[in-house]
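Student: Sharing a structure, written as structure tokens. Questions coming.
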Amino acid sequence: MTRSLKEHADRYRLPGPWCTAYVDAGTGTVDSLEASDVRPGNVRAALEAQGASAADLDAVEQALQPETGTPSPVSRFVLVHQGNVEINEVLPGALVLPERISVDSIPDLLPLVKHRPEEFPFVVAEVSREHGEIRLHYAGAGAPASTEEVQGDTQHIKKFQGGGWAHLRFQHHTEDVWRRNADQVAGEIDRVVASSGARLVILAGDIHARRLVQEQLSKATQALVSTIDSHTHTAGADEGLLEDQVNQRVAEQWAAEQQEIMDRLAMQEGQANPESATGIGAVVHALQQAQVEVLIFDDAALSERTLFALDAEPWIALAEEESLGATVLGKVPAPAALLRAAALTDAQVLLVPGPVLPEGAGVAALLRWSTGPDVPSS
């Protein structure tokens with residue numbers, strides 16, 4: 001599910017034209033290095049042939065200068081408006097859609113969404129009895145968005161091995177140090193989770209430290225915790241093993257959330273007044289009323305469909321006569337129009353592969369309220 005589309009709502013309100021370049025950006029071999037050198041000029045020529053302004057051409061060409069240090073395969077998405085580079089994203093992985101170089105009436109963010117179908121925030125915390133490293137990640141984004149380190153008290157961090165009264169006193173002191181350190185680490189994890197909206201917290205590291213930290217977390221954060229028996233901060237540790245385990249936990253959580261959405265949709269089938277809509281006509285009409293909570297579609301199934309994009313509410317229409325006084329910006333690919341309408345009405349988006357929607361439809365939606373029964377005209 002893509003919740004981050006609403007971050008682009010202001011861009012979606014701006015009038016066009018918009019210049020888009022979605023291209024391969026690999027620089028791994030001699031041939032691809034040569035291709036990357038000529039790519040900016042080739043893209044400029046293609047956009048110039050479509051009527052792009054000089055300011056937009058300059059901005060696109062500059063944005064597409066070769067990126068070094070990023071291993072292939074890698075793609076690039078650049079969006080330019082009135083000479084300003086609005087988006088310039090290097091995207092790990094090969095192209096997931098055909099290359100696109102175009103001048104459009106609205107931003108088409110489908111390539112960006114396909115590469116990052118969910119800005120799924122999660123936290124990986126590696127903890128020891130004296131230290132914690134807390135990394136905020138977004139699924140599919142590669143490097144962590146932020147890394148915080150907490151260094152606790154290291155004095156008397158190991159238990160005293162003597163006996164008698166002194167042994168007990170030092171043992172209790174050491175355990176107090178561990179708890180204080182765990183409390184500091186837990187507080188930082190709570191802060192990162194609250195500020196990011198993280199939906200999963202993966203605890204790795206020393207088994208005793210993990211237990212202490214988990215006990216100190218807020219109830220809300222504890223509900224998100226999944227533990228991993230791995231620690232990269234020890235001698236001979238396998239960082240690849242931790243990464244594989246993290247990826248598996250993220251994939252499981254992500255899949256569970258998507259399945260919950262599909263289960264909710266299936267439960268609405270056959271209801272007298274369903275809180276769902278199926279098919280392009282019903283979904284567009286629900287979007288026009290800002291009724292859609294979750295928009296679900298298969299972009300491949302809609303690749304040949306077009307819809308009308310409007311400059312004001314209701315933002316989208318099946319036909320020009322449905323514009324309700326808004327100006328028609330253009331006839332655009334249905335996936336682009338649907339994503340825009342979702343962002344402008346604060347709807348979530350779930351892209352699905354293949355024919356998994358009811359009645360073989362390419363698009364469906366969960367609604368914020370039911371449409372209610374048909375009311376006969378008097």
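Student: Of everything in region 30-74, what is part of a helix (DSSP H, G or I), modelled with pLDDT of 80 or more and under 28 Å from the mean Cα position of the chain (by Cα)? Give them in sequence order.
Tutor: ARG39, PRO40, VAL43, ASP56, ALA59, VAL60, GLU61, GLN62, ALA63
Student: Pull up region 110-164, narrow it to residues that are of a type in the set (Phe, Trp, Tyr) and open to solvent by 60 Å² or more (accessible area, probe 1.4 Å), then point me to the one that is modelled with the lowest pLDDT. Please lay out each step first, then the result.
Tutor: Filtering region 110-164 for residues of a type in the set (Phe, Trp, Tyr) gives 120, 122, 138, 160.
Still in the list and also open to solvent by 60 Å² or more (accessible area, probe 1.4 Å): 138, 160.
Values: TYR138: 87, PHE160: 42.
That would be PHE160.
Student: Consider only pairs whose beta carbons are under 6 Å apart and that are at least six residues apart or on different chains; among these, list those whose first residue lies in region 88-107 and is more than 24 Å from ILE316 (Cα to Cα) and whose second residue is open to solvent by 40 Å² or more (accessible area, probe 1.4 Å) and of a type in the set (Ser, Thr, Tyr).
Tutor: VAL90/THR70
Student: Which count do you get for residues in region 255-279 that are open to solvent by 30 Å² or more (accessible area, probe 1.4 Å) and outside any loop (DSSP other than H, G, I, E, B)?
Tutor: 12
Student: List the pairs whose first member sits in region 72-87 and is within 15 Å of VAL103 (Cβ to Cβ) and among the acidic types (Asp, Glu), whose second member is outside any strand (DSSP E or B) and open to solvent by 10 Å² or more (accessible area, probe 1.4 Å), and whose Cβ atoms are under 7 Å apart, counting only residues at least 6 apart or on separate chains?
Tutor: Filtered contacts from region 72-87: GLU86/ARG11.
Student: Here is a follow-up. Taking the conditions exactly as written (in contact with a Phe, Trp or Tyr (Cβ under 7 Å, 6 or more places away or on another chain) and at pLDDT below 95), does LEU91 satisfy them or not? Outline the logic, then answer.
Tutor: On the way: in contact with a Phe, Trp or Tyr (Cβ under 7 Å, 6 or more places away or on another chain): yes; at pLDDT below 95: yes.
Spelling it out, LEU91 is indeed in contact with a Phe, Trp or Tyr (Cβ under 7 Å, 6 or more places away or on another chain) and at pLDDT below 95.
Student: In region 41-68, how many residues are open to solvent by 30 Å² or more (accessible area, probe 1.4 Å) and touching a residue at least 12 places away in the same chain (Cβ under 8 Å)?
Tutor: The first filter runs over region 41-68 and keeps only residues open to solvent by 30 Å² or more (accessible area, probe 1.4 Å), leaving 41-42, 44-46, 48-51, 53-55, 58, 61-62, 65-68.
If we keep only those that are touching a residue at least 12 places away in the same chain (Cβ under 8 Å) as well, we get 41, 44, 46, 50-51, 53, 55, 58, 61-62, 65-68.
Final tally of qualifying residues: 14.
Residues checked against (1) over 23 Å from PRO17 (Cα atoms); (2) open to solvent by 20 Å² or more (accessible area, probe 1.4 Å); (3) part of a strand (DSSP E or B):
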{"residue": "GLU252", "(1), (2), (3)": "yes, yes, no"}
{"residue": "ALA282", "(1), (2), (3)": "yes, yes, no"}
{"residue": "ALA301", "(1), (2), (3)": "yes, yes, no"}
{"residue": "PRO335", "(1), (2), (3)": "no, no, no"}
{"residue": "ARG340", "(1), (2), (3)": "no, no, no"}
{"residue": "ASP346", "(1), (2), (3)": "yes, yes, no"}
{"residue": "VAL349", "(1), (2), (3)": "yes, no, yes"}
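The values are calculated or read from the model by the stated rules, or taken from the named source; none is laboratory data. Not measured: the values here are computed from a predicted model. Note: ideal-geometry Cβ built from the backbone for every residue, glycine included; neighbour counts use all protein chains shown. Note: accessible area is taken over every heavy atom of the protein model, side chains too, but ligands, DNA and RNA are not part of it. Shrake-Rupley method; radii C 1.70, N 1.55, O 1.52, S 1.80 Å.
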